[in-house]
Amino acid sequence: MSEKPATFGEFLFERKVSRRGLLKFATAMAAVLALPEPMVSVLAKGLATAPRLPVVWLEFQDCTGDSESFLRAAPRADAAQSGVSDPSVVDLLLDYLSLNYHETIMTPAGAASKQSLDDTLAFYSGQFVCVVEGSIPTAQNGAFCTVGGRTALSTIQSVAPKARAVVALGSCAYDGGLAGAAPNPTGAVGVGQAVPGLANLINLPGCPSNAVNLVATLVYYLTLNQWPALDSTTKRPLFAYGSRIHAQCERRPYYDAGQFVQAWGDADHKAGHCLYLMGCHGPVTNSNCPAVRWNAGSVFPAGANWPVAAGHGCIGCTNPKFWDTNTPFYNPV
Ligand code: SF4
Ligand code: F3S
């Protein structure tokens with residue numbers, strides 16, 4: 001940690017990122033976070049003076065989809081066209097965060113990796129952010145998922161209370177996800193159930209969760225030292241989960257006009273008409289997918305595409321218990 005500058009602003013200065021580049025990034029983040037224009041300078045100033053944030057990333061019963069999504073937040077190949085800076089500020093921010101422990105991408109292995117976690121807990125207790133990916137099995141005392149001989153249940157119950165804040169990333173960490181679907185043989189639950197009463201928890205569901213929302217959430221936390229406004233029952237940030245997909249969808253005019261796809265590949269499908277009859281769950285799902293989209297596109301932060309634009313209905317992957325409540329996926333809601 002010591003070889004990197006004390007603040008993100010100094011780090012950017014070292015990497016020759018201009019103030020204009022930082023302002024463009026802050027503008028993009030303010031747009032994702034649905035903040036008013038005066039907040040751009042607040043974000044830029046906060047980012048410039050933000051200290052390094054130690055991050056512990058725990059993976060339990062998962063498919064690593066959220067890590068994959070996170071690592072594609074802004075591929076360098078896209079940075080030149082991103083309009084943000086080259087290399088992009090997103091890349092640099094992810095580089096600047098101190099990812100002290102991440103089982104998939106960390107260099108240490110075996111006992112050394114466990115030491116990395118123990119060291120972070122010892123030196124940064126109450127200072128690190130804990131990101132959790134995957135569900136936590138509770139049946140048979142959590143025996144269905146162990147890392148380094150320790151159950152996921154025991155790990156999350158000892159690590160989460162020591163964290164400054166906890167991010168449940170993806171639907172599995174939110175409420176058990178696919179492993180937690182009926183009949184749920186492993187007793188899989190999300191972080192909120194595994195560690196009841198966790199004070200500073202934020203849920204970013206999705207299968208996987210969108211990396212732009214994670215980056216925006218971390219930017220908000222780094223600059224304002226609190227989570228963005230949350231839905232009081234689900235603890236999901238309103239900027240990302242406050243609006244129905246159906247209200248933002250580019251196919252909505254076809255819904256209103258009664259022009260529906262009735263079979264995959266029919267003339268309406270080829271014409272880009274509404275996917276409601278094909279089971280699209282946009283009318284019952286809250287997410288900013290139509291705005292932030294997925295995978296790095298040509299204009300940061302908007303991604304290249306999203307499920308409905310690609311021709312498939314939304315399956316409602318940000319909804320609570322969506323594997324149970326939204327199936328069968330291809331029936332009209
Ligand atoms: Fe709504 Fe889905 Fe039709 Fe879009 S495709 S208008 S989200 S039903
Ligand atoms: Fe999930 Fe629907 Fe978005 S399936 S990725 S919430 S379009």
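FYI, it's all coordinate maths here, none of it is from the lab. Predicted, not measured: the structure shown is a model, and the values here were computed from it. Quick reminder, even Gly has a Cβ in these numbers, built from the backbone with ideal geometry, and neighbours come from all protein chains shown.
Taking 0.36 nm per intervening residue step and subtracting the Cα-Cα distance, what contour gain separates Glu68 from Thr146 on full extension?
Working: separation 78, 0.36 × 78 = 28.08 nm, distance 2.16 nm.
In short, 25.9 nm is gained.
Which Cα, out of Asn141, Val215, Gly258, lies furthest along the positive dipole direction of the chain (beta carbon charges, K/R +1, D/E -1)?
Checked the options; the winner is Val215.
Any chance you could count the Lys pairs in the chain whose alpha carbons are under 16 Å apart, treating pairs 8 or more apart or on different chains as valid? Intermediate values should be presented prior to the final figure.
On the way: Lys4/Lys16; Lys16/Lys24; Lys24/Lys45; Lys235/Lys321.
Here the count comes out as 4.
What dipole magnitude, in Debye to the nearest 20, does the chain give about its Cα centre under +1 on Lys/Arg Cβ and -1 on Asp/Glu Cβ?
Details: 22 positive and 23 negative charges, 115 e Å.
Value, rounded to 20: 560 debye.
Helix-derived [θ] at 222 nm for the chain: sum -39500 (n - 2.57) over DSSP H runs of at least 4, divide by residue count, nearest 500?
Working: 18 runs with 124 residues, N = 333.
Helices in the chain give a 222 nm mean residue ellipticity of -9000 deg cm²/dmol.
Let me know the shape class of the chain, please: from the alpha-carbon gyration tensor, a ≥ b ≥ c as square roots of the eigenvalues, rounded when a/c is under 1.5, otherwise prolate if a/b is greater than b/c, or oblate. List each step's numbers first, then the result.
Numbers: a/c = 2.01, a/b = 1.17, b/c = 1.72.
Oblate, because a/c is 1.5 or more while a/b does not exceed b/c.
Based on the alpha-carbon gyration tensor of region 243-325 and its eigenvalue square roots a ≥ b ≥ c, which shape applies: rounded if a/c is under 1.5, prolate if not and a/b is larger than b/c, or oblate? Spell out each step's value before the answer.
Working: a/c = 1.73, a/b = 1.17, b/c = 1.47.
Judged from the Cα gyration tensor, region 243-325 comes out oblate (a/c at least 1.5, b/c at or above a/b).
Starting from the Cα gyration tensor of region 1-43, take the square roots of the eigenvalues, sort them a ≥ b ≥ c, and report rounded, prolate or oblate (rounded when a/c is under 1.5, otherwise prolate if a/b is larger than b/c, else oblate).
Values: a/c = 3.14, a/b = 2.15, b/c = 1.46.
It is prolate, given that a/c is not under 1.5 and a/b is the larger ratio.
May I ask what percent, to the nearest 5, of DSSP beta bridges between residues of the chain are antiparallel?
Taking every DSSP beta bridge with both residues in the chain, the antiparallel ones total about 35 percent.
Among Cys249, Asn295, Cys274, pick out the residue whose Cα is farthest towards the positive end of the charge dipole of region 243-325, where Lys and Arg carry +1 and Asp and Glu carry -1 on C-beta, about the Cα centre.
Sorting the options by dipole projection puts first Asn295.
Arranged from highest to lowest average of other beta-carbon atoms within 10 Å per residue, in what order do the peptides 192-202, 108-118, 126-136 appear? List each step's numbers first, then the result.
Numbers: 192-202: 16.1, 108-118: 12.8, 126-136: 25.1.
Highest to lowest by the protection proxy: 126-136, 192-202, 108-118.
Using the alpha-carbon centroid of each, what span in Å lies between region 1-64 and region 314-333?
First find each Cα centre; the distance between them is then 34 Å.
So how strong a dipole does region 243-325 carry about its Cα centre when Lys and Arg Cβ are +1 and Asp and Glu Cβ are -1, to the nearest 20 debye?
Details: 6 positive and 5 negative charges, 35 e Å.
The dipole of region 243-325 has a size of about 160 debye.
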